[in-house]
Amino acid sequence: VIGAIPSPTYAVNEPGRVVVKIKVDRHGTVVDAQPGEAGTNMTDQKAWEAAKKAALKAQFNFKADAPEFQYGAITYTFNITH
């Protein structure tokens, strides 16, 4: 990761996790993000969308000899905010 993993901006009323499957190109750009992977325990669709938007902003290192695409996951933990 270059810098920090971007955090979602969404105030929630229930704690939980959203796991986002990401597809990263060899330039380190997240080109696809799909929330709701195994380990997700929230049903709040707004939290899912916030996690997806944050994941799409993540930037990873460039590697010229990397495969065209690599896959991974980012887990976002939401806490109750007041």
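Some observations on this one:
- A residue that is of a type in the set (S, T, N, Q), free of Cβ contacts under 8 Å to residues at least 24 places away in the same chain and open to solvent by 30 Å² or more (accessible area, probe 1.4 Å) occurs nowhere in segment 10-29.
- Residues located in segment 58-75, provided they are open to solvent by 80 Å² or more (accessible area, probe 1.4 Å) and in a loop (DSSP other than H, G, I, E, B): Asn61, Phe62, Lys63, Asp65, Glu68
- For Met42, the conditions (1) closer than 15 Å to Thr75 by Cα; (2) assigned to a strand (DSSP E or B); (3) open to solvent by less than 60 Å² (accessible area, probe 1.4 Å) all hold with the exception of (2).
- In segment 45-57, of all residues being open to solvent by 30 Å² or more (accessible area, probe 1.4 Å) and hydrophobic (A, V, I, L, M, F, W, C), the one that is modelled with the highest pLDDT corresponds to Leu56.
The values are calculated or read from the model by the stated rules, or taken from the named source; none is laboratory data. Keep in mind it's a predicted model, so treat the numbers as computed, not measured. Positions of Cβ are generated from backbone atoms using ideal geometry, with glycine treated the same way; all protein chains shown enter the neighbour counts. Only protein heavy atoms, including side chains, enter the accessible area calculation; ligands, DNA and RNA are left aside. Shrake-Rupley method; radii C 1.70, N 1.55, O 1.52, S 1.80 Å.
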